[in-house]
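Right, one structure below, let's go through it.
The values are calculated or read from the model by the stated rules, or taken from the named source; none is laboratory data. Predicted, not measured: the structure shown is a model, and the values here were computed from it. Positions of Cβ are generated from backbone atoms using ideal geometry, with glycine treated the same way; all protein chains shown enter the neighbour counts.
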């Protein structure tokens, strides 16, 4: 018998009697908090920052002012080609992105209860981008924020994404004596621009 | 070595024990603060419990569904009965790619299977990329906590380790500097890696995808840069539907560290074009645990570590005293199922206060299971003679009210009148490191009867 069949047959023999799948009732969790205020607070708790912007152009202007020293920039926003200092098509392997200073991405989904934004393959020219960049900037429409993860997954259920990630704040660690240090392996900072 | 003996060694450094105790209680406190902001938290825990119980009752079919969907996604699925088979599978994949440098993100399963030494024996370099895991790897120690692997190390110890292995400058244990140096050191490893190994937090039957949660971003740095991604999971990591993640991602980080969600919750479904993705599904004793009605709920565990942070024994004895891959209360109900003899002292490393069950995000009845293991162990493994006879004497005493009352009187009198030196003499282990309370003048029984009379 193959290991697969061996494991499956043992589970079949040992599993308990069938137990019904519980139903998730969203109403139990409704706390009627203000979605945008809650989202902003939770991004800040996670170590990120939230700004408002009027247009894509306005986002890149604010970002350039925030990081005047940055050399290697890339944005996926429409009409912001002037901001980009690299051409992704010319990059052969993701490893060459090691020096990326600023990355600007779009997200179509934010979650108020934890300040997370959803980034998916179709908004991501290379999967490693949001992790390898020094500073991550995400542009999110205000009306794309839902209250809870339950609603987020309802939205994602009709979406065929090969890779996607919820990101909440910059990378961090507290592995040395429980002292929080922002900037572990991923981004050193994260800014969300609400439009 | 029994847990209590190992704990005695940890307790030699009193300051460190106090620090350890406080540091973990601080994490427990952060958990409380964060969960108290969630309306319907108890309902959420019920859902977590219910979904896991449902999954176990249909696990074979969900695994088949998961495999089918993962294969459709272009992922290669492997099955391993035990740790050795798991290691062989991973090794073969690496060999096929001539991978000599491997980066690994946190995976308690690969610890359980002792994957690192297995691969290292063939000259493969395995770098643990989670900062805490890298620290204990450099120190040649196992993790002492499943979420905070290096919680037993002081910053000065980390400083010394990094000076020796990474060539850092002395910094009096400055966490900011040390983390920055680790980032540089591991960046290089990510860039050079031939393959990435990750654990799995959740495997989803209806999409065939897996979710990996980290704060550092190390799993993603590894998996997206290397040409091969191998994800290793126990059979119990499965959940039926992607929508169930809504429940588990709300529970996990809040219970673990008090964060509302981890920085990264990465959903891997299809491999990158030109890359390979493998999933290794491992049993290694899990189906055996599934066969035990009293203990199968231990398979609900989502590895948040909340039971460790809250446990008065864990906090004061340290993770290494459990001598098991998973320490703490949850480890103490999992490990005896693997090797009853080796881990027979673990279910006794508890006050049965029940705090572990109270904080468990998937409502595992941990303290009841600890009690049930004790019943089994006392029957099946030889107990120390002192314990055996004293238990017999106590049983005898408790069954005879008159005798109990007499002995009680003597004990209360002794606690009031005998000198401290006699009360705290060596045979009385309860007098070690603490003063016993002054004996009350009357027993509860006497007090109660008096009160009844005066009514």
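Residues that are out of contact with any helix residue (DSSP H, G or I) (no Cβ under 6 Å at 6 or more places or on another chain): find the helices (runs of 4 or more DSSP H) completely inside region B:345-455 holding 3 or more of those. Please lay out each step first, then the result.
On the way: elements: B:355-359, B:366-380, B:385-398, B:401-417, B:420-423, B:444-454.
The helices (runs of 4 or more DSSP H) meeting that bar are B:366-380, B:385-398, B:401-417, B:420-423, B:444-454.
Any chance region B:244-267 includes a residue that's surrounded by fewer than 24 Cβ atoms within 10 Å (Cβ to Cβ), under 22 Å from residue B:76 (Cα atoms) and in contact with a strand residue (DSSP E or B) (Cβ under 8 Å, 6 or more places away or on another chain)? Yes - at least one qualifying residue is present in region B:244-267.
The single condition among (1) modelled with pLDDT under 95; (2) more than 14 Å from chain B (Cβ to nearest Cβ); (3) over 23 Å from residue A:167 (Cβ atoms) that residue A:31 does not meet is (2). One residue alone among A:183, A:164 is without any contact (Cβ under 8 Å) to a residue 60 or more places away in the chain and under 30 Å from residue B:144 (Cα atoms), and that residue is A:183. The set of residues in region B:132-149 that are within 19 Å of residue B:302 (Cα to Cα) and in contact with a strand residue (DSSP E or B) (Cβ under 7 Å, 6 or more places away or on another chain) is empty. Evaluating residue A:57 against the criteria (1) in a loop (DSSP other than H, G, I, E, B); (2) touching a residue at least 12 places away in the same chain (Cβ under 8 Å); (3) more than 14 Å from chain B (Cβ to nearest Cβ) leaves one unmet condition, (1).
From the set of residues in region B:93-119 that are within 25 Å of the chain's Cα centre (by Cα) and free of Cβ contacts under 8 Å to residues at least 24 places away in the same chain, which is surrounded by the fewest Cβ atoms within 10 Å (Cβ to Cβ)? Looking at the filtered set, the residue picked out is B:117.
How many of the residues making up region B:196-247 are part of a loop (DSSP other than H, G, I, E, B), facing another protein chain (nearest Cβ under 8 Å) and farther than 19 Å from residue A:120 by Cβ? Outline the logic, then answer.
Looking only at region B:196-247, we keep the residues that are part of a loop (DSSP other than H, G, I, E, B), and these are B:199-201, B:205-209, B:215-217, B:226-227, B:240-241.
Next cut, facing another protein chain (nearest Cβ under 8 Å) only: B:215-217, B:240.
Remaining after also requiring farther than 19 Å from residue A:120 by Cβ: B:215-216, B:240.
Number of matching residues: 3.
Working carefully through the options B:299, B:272, B:334, B:340, find the one that is more than 22 Å from residue B:145 (Cα to Cα) and touching a residue at least 24 places away in the same chain (Cβ under 8 Å). Every option except B:272 fails the conditions. The number of residues in region B:1-28 being within 13 Å of another protein chain (Cβ to nearest Cβ) and free of Cβ contacts under 8 Å to residues at least 12 places away in the same chain comes to 2. Would you call residue B:186 more than 23 Å from residue B:86 (Cβ to Cβ) and at the interface with another protein chain (Cβ under 9 Å from one of its Cβ atoms)? Considered against the rule, which asks whether it is more than 23 Å from residue B:86 (Cβ to Cβ) and at the interface with another protein chain (Cβ under 9 Å from one of its Cβ atoms), residue B:186 comes out as yes. Taking the conditions exactly as written (more than 9 Å from chain B (Cβ to nearest Cβ), closer than 23 Å to residue B:191 by Cα, touching a helix residue (DSSP H, G or I) at 6+ places or on another chain (Cβ under 9 Å) and surrounded by 21 or more Cβ atoms within 10 Å (Cβ to Cβ)), does residue A:173 satisfy them or not? No: the conditions fail for residue A:173.
If you check A:110, A:115, which single one turns out to be surrounded by 22 or more Cβ atoms within 10 Å (Cβ to Cβ), within 26 Å of residue B:39 (Cβ to Cβ) and more than 10 Å from chain B (Cβ to nearest Cβ)?
A:110
Within region A:60-80, the set of residues being surrounded by fewer than 20 Cβ atoms within 10 Å (Cβ to Cβ) and part of a helix (DSSP H, G or I) comprises A:61, A:62, A:64, A:65, A:66.
Look at (1) more than 21 Å from the chain's Cα centre (by Cα); (2) within 9 Å of chain B (Cβ to nearest Cβ); (3) over 30 Å from residue B:58 (Cα atoms) and you find that residue A:46 fails only one, number (1).
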